[in-house]
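The values are calculated or read from the model by the stated rules, or taken from the named source; none is laboratory data. All values reported here derive from a predicted model rather than from experimental measurement. As a convention, Cβ positions derive from the backbone with ideal geometry for all residues, glycine included, and neighbour counts pool all protein chains shown. What goes into the accessible areas is simple: the full protein's heavy atoms, side chains included, and nothing from ligands, DNA or RNA. Shrake-Rupley method; radii C 1.70, N 1.55, O 1.52, S 1.80 Å.
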Amino acid sequence: MDKITIPQRKNHRIGVFVDVQNMYHSAKNIYGSRVNFKELLKIATGGRELVRAIAYVVKSDTDEEKAFFEALEKTGLELKIKDLQVFAGGMKKADWDVGLAVDAISLSRQLDTLVIVSGDGDFAPLVEYLKFCGLIVEVLGFKRSTSSKLIEASNNFVDLDTCSDRVIFKKN
């Protein structure tokens, strides 16, 4: 179920910020499949004026990953890449939360609407801040894996489960 408190307007300048790891793991856990990022970007833009669309990814140097990154770029997403950190004890860390937040704040003066594609509740304070700055903030995520705090904080929430036929690749 979607939450729409502010209608979309075609003349709005938008920025789309995609938490790729969150979307990848949500689709894998919920549907056992992959996200169609091209369709996801179409849904996020909604025919509005796209200023920038940035996808945040973590690099772990696999052949499959290179093809995935190239496919993301072909959809019109600008990639921001961070290396996977592996610590001495074997623990791995891959987090783009601060980078996404800094980019969103930095670009906010050029935008009317900011779209965060993630279910990560850590973005709720960012959403509140951006709304305080006068932006309309939309969140796209699979409701089953999206933080209720993030949904509540947003002006508009699009539940990707309602359009899974478009954003999820069918299993072969």
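ASP19 meets the stated requirement of being closer than 15 Å to LEU140 by Cβ, touching a Leu at 6+ places or on another chain (Cβ under 7 Å) and of a type in the set (D, E, K, R).
Residues of segment 20-54 that are free of Cβ contacts under 8 Å to residues at least 60 places away in the same chain, in a strand (DSSP E or B) and open to solvent by less than 60 Å² (accessible area, probe 1.4 Å): ALA53, ILE54.
A quick yes/no check of all residues on (1) in contact with a helix residue (DSSP H, G or I) (Cβ under 7 Å, 6 or more places away or on another chain); (2) modelled with pLDDT under 95:
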site: MET91; (1), (2): no, yes
site: LEU100; (1), (2): no, no
site: SER106; (1), (2): no, no
site: GLN110; (1), (2): no, no
site: LEU126; (1), (2): yes, no
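Could you check segment 99-124 and list, in sequence order, the residues that are closer than 20 Å to ASP159 by Cα and assigned to a helix (DSSP H, G or I)? Working first, answer last.
Just the residues of segment 99-124 that are closer than 20 Å to ASP159 by Cα, to begin with: 113-124.
Correct list: GLY121, ASP122, PHE123, ALA124.
Here GLY141 meets the list (1) out of contact with any Lys or Arg (no Cβ under 8 Å at 6 or more places or on another chain); (2) at pLDDT below 95 almost entirely, failing just condition (2). State yes or no: is LEU135 of a type in the set (A, V, I, L, M, F, W, C), in contact with a Ser or Thr (Cβ under 8 Å, 6 or more places away or on another chain) and modelled with pLDDT under 85? In short, no. Taken together, LEU100, LEU84, LEU79 contain a single residue that is open to solvent by 50 Å² or more (accessible area, probe 1.4 Å) and not hydroxyl-bearing (Ser, Thr, Tyr), which is LEU84.
Checking each residue in segment 3-19 for being part of a strand (DSSP E or B) and either β-branched (Val, Ile, Thr) or open to solvent by 50 Å² or more (accessible area, probe 1.4 Å) (or both) picks out LYS3, ILE4, ARG13, ILE14, VAL16, VAL18.
Within the group ASP95, ASP63, which residue is more than 26 Å from ARG13 (Cα to Cα) and open to solvent by 90 Å² or more (accessible area, probe 1.4 Å)? Matching residue, one of ASP95, ASP63: ASP63. Taken as a whole, segment 125-132 holds at least one residue that is within 18 Å of THR5 (Cβ to Cβ) and loosely packed, with under 12 Cβ neighbours inside 10 Å.
When you look at ARG144, is it loosely packed, with under 15 Cβ neighbours inside 10 Å and either touching a residue at least 40 places away in the same chain (Cβ under 8 Å) or under 30 Å from ASP61 (Cα atoms) (or both), yes or no? Yes, satisfied. For segment 86-97, does any single residue satisfy the condition of being part of a loop (DSSP other than H, G, I, E, B) and either touching a residue at least 40 places away in the same chain (Cβ under 8 Å) or basic (Lys, Arg) (or both)? Yes, segment 86-97 contains a residue that is part of a loop (DSSP other than H, G, I, E, B) and either touching a residue at least 40 places away in the same chain (Cβ under 8 Å) or basic (Lys, Arg) (or both). Of all the numbered requirements in (1) open to solvent by 30 Å² or more (accessible area, probe 1.4 Å); (2) in contact (Cβ under 8 Å) with a residue 24 or more places away in the chain; (3) closer than 20 Å to ILE14 by Cα, ASP120 misses one, and that requirement is (3).
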